[in-house]
Amino acid sequence: MTTPLVSIHLPDGTWESRDVRQALRARDMGSVFRRVQQYSGASQARIATAVGMTQARVNEIINGRREVVRLDVYERIADGLMMPDSARQLLGLAAGREKQTSGAVFDLAAFPEVVRVYSTQAAAQAEIQQHAGAASELDILAVRGLGLIGLNDSMLRSCLNRAQERLRLRVLLLQSSSPALSRRAAEIGESSESLASGVELTEARLRELSPTCDVEIYRYDMLPTWRVIRADGTMFVGAFDSGWEGHESATYKIVETSHGPLFRGFKRMIDAMIDGADRTV
């Protein structure tokens, strides 16, 4: 019989601090453990008990002599430190396996739409390209979209040259003249002019695709929350936040199922945004 782990609870707001979020995005567990010591007063031995390690191993991680690389170890650390889902996401982990809601256990296994979680968009690149290259319909919800589709070396640009089947491509970009763009530019430390010029460049480059794709471009004017790539019945979803751009977010692969609400919900959101947006192409 194993000894139960004793979790560590950190003060409210700890996981939202900039230094902790940066450490989580970098998967720098040494920095995370140091912040746990700082904010909770926990000793190395106490951390070791919570995350299922030896005190010597925790010491090595804190002092940079060892790195954490295994997913199951990240899971143990997240569970032992009682990380909220927002922190787990930064590590590239799915939401907590169990949630107490009105006394009932919420089990993610009952919702098989989320089939994989990647630490960043770059980690999912090969799979995104594979799905996009075979899709008949491709929807992209982005801010400016340069890294996705606006440049020759953008992630999806090479997926659009089709010898046979013609692709239906719908792209939603942030309206360059909207207050939301200025707010988003401030969030990521960029000038409004620079962000707006990126949006305009992407649209200009998308117009070049009309000989090979049925291109529709829409401009929305709300503060961006989700970054979505839909390739037929598969979606790759990340989040925009004030501290990072969408491609830095954990990326969730969501597949269409007969009963699951997530795929249908995101698709409905995209369709609703298109209905309220300005079509420019």
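The values are calculated or read from the model by the stated rules, or taken from the named source; none is laboratory data. Treat the numbers as computed from the prediction; the structure is a model and nothing was measured. Positions of Cβ are backbone-derived with ideal geometry, glycine not excepted, and every protein chain shown enters the neighbour counts. Remember, those area values only see protein heavy atoms, side chains included, never the ligands or the DNA or RNA. Shrake-Rupley method; radii C 1.70, N 1.55, O 1.52, S 1.80 Å.
Ordering A56, G13, S31 by the projection of their Cα atoms onto the charge dipole of segment 12-59, which places +1 on the Cβ of Lys and Arg and -1 on the Cβ of Asp and Glu, puts A56 at the extreme positive end.
Treating r as the C-beta distance of S136 and S242 and R0 as 45 Å, the FRET efficiency rounds to 0.80. Against the empirical 2.2 N^0.38 Å (N residues), the chain has a Cα radius of gyration ratio of 1.13. Highest mean packing comes first when the peptides 63-73, 24-34, 135-145 are listed by Cβ atoms within 10 Å, giving 135-145, 24-34, 63-73. Label-to-label distance, T257 versus E75, with points set 7 angstrom from Cα along the beta-carbon direction: 1.7 nm.
The peptide list 197-206, 262-271, put in order of mean Cβ contacts within 10 Å with the highest first, becomes 197-206, 262-271. Excluding ligands, DNA and RNA, the accessible surface per residue across segment 15-79 is 52 Å² with a 1.4 Å probe.
The mean accessible area for residues of segment 123-232, using a 1.4 Å probe and ignoring ligands and nucleic acids, is 42 Å² per residue. Within the full protein context, the accessible area of M222 is estimated at about 100 Å² for a probe radius of 1.4 Å. Where does the charge balance sit around R279 when Lys and Arg score +1, Asp and Glu -1, over other residues with C-beta under 15 Å from its C-beta? Result for the neighbourhood of R279: -4. Could you work out what % of the accessible surface of the chain is carbon and sulfur, using a 1.4 angstrom probe and leaving DNA, RNA and ligands out of the count? Accessible surface attributable to carbon and sulfur in the chain totals 50 percent. Note that segment 211-270, at 4 °C in a medium of 1.567 mPa s, gets a Stokes-Einstein diffusion coefficient of 99 µm²/s from its Kirkwood radius over C-alpha pairs.
Our compactness index for segment 156-254, the C-alpha radius of gyration over the empirical 2.2 N^0.38 Å, is 1.16.
A helix-only calculation puts the chain at -11000 deg cm²/dmol for mean residue ellipticity at 222 nm, using -39500 (n - 2.57) for each DSSP H run of at least four residues, averaged over all residues.
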